[in-house]
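Contents: one structure, followed by commentary.
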Amino acid sequence: MLSSLTYAIEPIAPIPQTLPYDPQKAALGQKLFYDPILSKDYSISCASCHKRAYGGTDGESVSVGIYQLQGNMNAPTVLNSTFNFKQFWNGRANNLREQALGPIHNPIEMGFSAAEAVSRLKKIPEYKESFQTITKRSLITSDDIADMIAEYEKTLITPNAKFDLFLKGKSTLSYEEQEGYNLFKTLGCATCHNGVNVGGNSFQKMGVIIPVKWDQKSSDRYALTKREIDKNVYKVPTLRNIALTAPYFHDGSAPTLKDAVKRMSYHNLGITLSDQESAYIISFLKTLTGKLPKTSLYR
């Protein structure tokens, strides 16, 4: 009870140990997630841009799609994406089901229409039978594909980070980690990076204090709304597992965590951090690296 009351007043909440999901759908979603059959040239799967070794990203500044076409955005992590209030950097998908079809239909990423994706899957007896067993229908729809992949992505959560255990009173932070967390709160980082996903729950302007140059090719909120106020506005990225997901920012322009911390402090807080302050904050951020549950289907 005491530990629950303690973390209730903190800006960050622990990730739950598990989330409910449909195992049958998740198993089929896992197969689809790793299968390049959903890309036009059979070269790209969802896993191509969301690799376990890179914390659910691809480790590239911007992602590469079919026929080696280069995109314009950094791949956000798939880990803990179920906790985001919107999906994609500009929030154009309201949930994981809507998000799942986005890369498949994107002409640079996987390059398939809904009809083409369904048609290809229907020709594979194993897929046809699996969908029919779950949906009780002989017809496969694009919504079915999205439903299975989204169900799989619900399993990709990372509880038991050191910081989660600290919040629960089951671990202690080192001096450097505690100093970093204190700075994180007092300098204002927690204003945007808060909640269970330490982000992913609001839109914010990059460069709110010291403006950054706007790139018209970027998929920010302006690309959706065409409102001037939405230029350089993005969904606040999660800081969960941030030590694993370099490079950083929507365009992958920050190669290291130190670079990302210093640039965001300057542009969004108007503060020039010392090397010591940066080191403390990075020590804290590293405590946000969690562990996939044993039941997770991610590999």
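Quickly run through the range 39-85 and pick out the residues that are hydroxyl-bearing (Ser, Thr, Tyr) and more than 16 Å from the chain's Cα centre (by Cα). Ser39, Tyr42, Ser43, Ser45, Tyr67 - these are the residues of the range 39-85 that are hydroxyl-bearing (Ser, Thr, Tyr) and more than 16 Å from the chain's Cα centre (by Cα).
Number of residues in the range 145-200 that are open to solvent by 20 Å² or more (accessible area, probe 1.4 Å) and among the aromatic types (Phe, Trp, Tyr) equals 2.
Against the conditions (1) under 22 Å from Val236 (Cα atoms); (2) crowded, with 16+ Cβ neighbours inside 10 Å, where does Lys40 fall short? Just the number, please. For Lys40, the failing item is (1).
Conditions tested, residue by residue: (1) open to solvent by 50 Å² or more (accessible area, probe 1.4 Å); (2) closer than 19 Å to Gln204 by Cα; (3) touching a Pro at 6+ places or on another chain (Cβ under 7 Å).
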position	(1), (2), (3)
Ala260	no, yes, no
Ser265	no, yes, no
Ser283	no, no, no
Gly290	no, no, yes
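Counting only residues that are without any contact (Cβ under 8 Å) to a residue 60 or more places away in the chain and either over 22 Å from Ala260 (Cα atoms) or open to solvent by 50 Å² or more (accessible area, probe 1.4 Å) (or both), the range 43-52 holds 5 of them.
A count restricted to the range 196-238 and to residues that are under 13 Å from Met264 (Cα atoms) and of a type in the set (A, V, I, L, M, F, W, C) stands at 6.
When the range 89-108 is filtered for residues that are more than 18 Å from Tyr152 (Cβ to Cβ) and touching a strand residue (DSSP E or B) at 6+ places or on another chain (Cβ under 9 Å), the ones remaining, listed by number, are Trp89, Asn90, Gly91, Asn94, Ile108. Between Thr256, Thr225, the distinction of being more than 15 Å from Lys205 (Cα to Cα) and open to solvent by 40 Å² or more (accessible area, probe 1.4 Å) belongs to Thr256 only.
Applying the criterion of being free of Cβ contacts under 8 Å to residues at least 40 places away in the same chain and open to solvent by less than 40 Å² (accessible area, probe 1.4 Å) to the residues of the range 88-116, the residue that is farthest from the chain's Cα centre (by Cα) is Ala114. A single member of Asp35, Asp41 is of a type outside the set (A, V, I, L, M) and farther than 19 Å from Tyr298 by Cβ, and it is Asp41. The residue that is least open to solvent (accessible area, probe 1.4 Å), among those in the range 63-85 that are touching a strand residue (DSSP E or B) at 6+ places or on another chain (Cβ under 6 Å) and farther than 18 Å from Ile242 by Cβ, is Val64.
Per-residue answers, yes or no, for (1) in contact with a Lys or Arg (Cβ under 8 Å, 6 or more places away or on another chain); (2) at pLDDT 95 or above; (3) under 22 Å from Gly290 (Cβ atoms); (4) not aliphatic (A, V, I, L, M):
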{"site": "Leu173", "(1), (2), (3), (4)": "yes, yes, yes, no"}
{"site": "Glu179", "(1), (2), (3), (4)": "no, yes, yes, yes"}
{"site": "Gly188", "(1), (2), (3), (4)": "no, yes, no, yes"}
{"site": "Val196", "(1), (2), (3), (4)": "no, yes, yes, no"}
{"site": "Gly200", "(1), (2), (3), (4)": "yes, yes, yes, yes"}
{"site": "Gly207", "(1), (2), (3), (4)": "no, yes, no, yes"}
{"site": "Val212", "(1), (2), (3), (4)": "no, yes, no, no"}
{"site": "Gln216", "(1), (2), (3), (4)": "no, no, no, yes"}
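The values are calculated or read from the model by the stated rules, or taken from the named source; none is laboratory data. The structure displayed is predicted, hence computed values, not measured ones. Using ideal geometry, Cβ is built from the backbone for each residue, glycine included, and neighbour counts are taken over all protein chains shown. Ligands, DNA and RNA are excluded from the accessible area calculation, which covers all protein heavy atoms including side chains. Shrake-Rupley method; radii C 1.70, N 1.55, O 1.52, S 1.80 Å.
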